[in-house]
Amino acid sequence: MKTKWVTLVMASSALAFSGAAFAGDAAAGEKKAEACMECHDPAEDFAGVSADEIAGKIKGVVAGQTKHKKKLTLSDADVADVAAYFAAADGK
Ligand code: HEC
């Protein structure tokens, strides 16, 4: 009985962890990133940058912290998806 409880706790904390981390979906991100491709080539612009870092940069753009030409309106989930796609598109 005790073992079963521990297993349950471990399973649910693993779930909570993957929810908190950048669980971006690269396939969904590909569609959401279409609007970015006009100006960005992720294989060049974000080569070697991790999904976490890209997400941080995109959030900075969304928050208006850069002089980005295009105003971006993306939810946190959109940012995670686009970041996952950009990170996966760097050809490595
Ligand atoms: C009209 C052209 C254009 C479009 C469309 C565009 N960008 Fe950009 N983006 C730029 C340019 C130019 C820069 C570099 C200079 C700057 O920050 O404005 C840039 C920079 C960035 C940066 C780096 C910011 C930093 O802090 O280093 C990120 C991240 C970014 N863009 C994300 C996106 C995403 C995500 C999209 C699509 C949702 C997008 N951009 C669409 C032109 C564009």
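Read-outs throughout are calculated quantities, based only on the coordinates presented, and are distinct from any laboratory measurement. Since the model is a prediction, treat every value here as computed from it, not as a measurement. Counting neighbours? That spans all protein chains shown, and the Cβs are built from the backbone with ideal geometry, glycine included.
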- [ ] Just grab the label-to-label distance for GLU53 and ASP25, each label 7 Å out from Cα along the Cβ direction, in nm (one decimal).
- [x] 2.7
- [ ] Would you mind getting the Kirkwood hydrodynamic radius of segment 24-88 from its Cα pairs, rounded to one decimal in Å?
- [x] 11.4
TODO: Obtain the nm distance between the two label points defined at ALA63 and HIS40 by a simple spin-label model: each point lies 7 Å from its Cα along the Cα-to-C-beta direction.
DONE: 1.7
Open item on the list: Show me, for segment 64-72, the HN-Hα J-couplings you get by feeding each phi into the Karplus relation (A = 6.51, B = -1.76, C = 1.60, θ = phi - 60°), rounded to Hz, glycine and proline as x.
Closed with: x, 7, 10, 8, 5, 5, 10, 5, 9
